[in-house]
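The values are calculated or read from the model by the stated rules, or taken from the named source; none is laboratory data. Being a predicted model, the structure only gives us computed values, none of them experimental. Every residue, glycine among them, receives a Cβ derived from its backbone with ideal geometry; neighbour counts consider all protein chains shown. The area values use the complete protein model at the heavy-atom level, side chains included, leaving out ligands, DNA and RNA. Shrake-Rupley method; radii C 1.70, N 1.55, O 1.52, S 1.80 Å.
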Amino acid sequence: GEDGKGTGGQAGARDVIARKNAEIQLKESEERLSRLADASFFAIFLSDAGIVIDAGTQAGEMFGYTREELIGKNGIELVAPSHLALAREISASGSEEMYLSRCVRKDGSEFSVEVRGRNVPLRGHPARLAAIRDITQRQQYEEEIEHQRWLLQQANEDLKSNNERLTE
C-alpha cells in the first residue's frame, strides 16, 4: 500500500511467477525442438569443437549408439577413415554445401551418406550443426538401374547382331 508495506512481497511473488512462466516456456520450447530433431529423416548432430553435444534420436538409430553414447563423442570418430580428410576440410571451411561421405556404425560397418553442415552460434562461438542422411538404399537402387541398363544394352547388341545375320 501507500505506507510501503506489502508491495515488496507482491513484487517478489510476481518475480517468482514470471520466472516459473519463463521456465515453463523454455521447457516447452526445448521439447518442441527435441521433437523436431527426433522426427527428422536425417541424423541431426550439434557439435562444439568437434565434440557432439546433442544428437537426435535418428542419429542414434543410424549409427547404432544410444543418444547418451553419442554425446561427448568426437564426431570425427563417426567418419570412415577413407573420408576423414574431406570431412575435416569441409568442417574447417564452414561450408554449407552437401557432400557425399562414408560413416562408421558402432559395429564397425561402413555406410554411404549425404552430409550437410552449418556453423551456428553457441554461447558466443561457432558450433557445427550437421544433418546426415543414409543413402545406402538409394545407391543400391542406382546400381540395380545401371545393371538393368547394361543388360538392355547387351540384349540390344545381340538383336542387332542377329538382324545383321538374318539380312545376310
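Carbon and sulfur together cover what percent of the accessible area of the chain at a 1.4 Å probe radius? Solvent-exposed carbon and sulfur of the chain make up 54 percent of the total.
With +1 on each Lys and Arg Cβ and -1 on each Asp and Glu Cβ, and nothing else charged, work out how big the dipole of region 22-156 is about its Cα centre, in Debye to the nearest 20. Can you show the working numbers first?
On the way: 16 positive and 22 negative charges, 45 e Å.
Rounded to the nearest 20 debye, it is 220 debye.
Look at the alpha carbon pairs under 8 Å that are at least 6 residues apart: their mean separation over the length of region 66-168 gives a relative contact order of 16 percent.
Across MET98, MET62, the residue with the most accessible area heads the list, and the full order at a 1.4 Å probe is MET98, MET62. Residues GLU96, GLU168, sorted by accessible area with the largest first, give GLU168, GLU96 [1.4 Å probe; ligands and nucleic acids excluded].
Note on THR167: accessible area approximately 120 square angstrom, rounded to 10, probe 1.4 Å, nucleic acids and ligands left out. Per residue, the accessible area of the chain comes to 71 Å², computed with a 1.4 Å probe over protein heavy atoms only. Over the chain, DSSP H runs of length four or greater, each weighted -39,500 (n - 2.57), average out per residue to a 222 nm ellipticity of -17000 deg cm²/dmol.
Heavy-atom accessible area, probed at 1.4 angstrom with all protein chains present, ranks LEU166, LEU151 as LEU166, LEU151, highest first. In terms of the mean number of neighbouring beta-carbon atoms within 10 Å, the peptides 17-24, 102-109 order highest first as 102-109, 17-24.
Accessible area of ASP134 (1.4 Å probe, protein heavy atoms only, ligands and nucleic acids ignored): about 60 Å².
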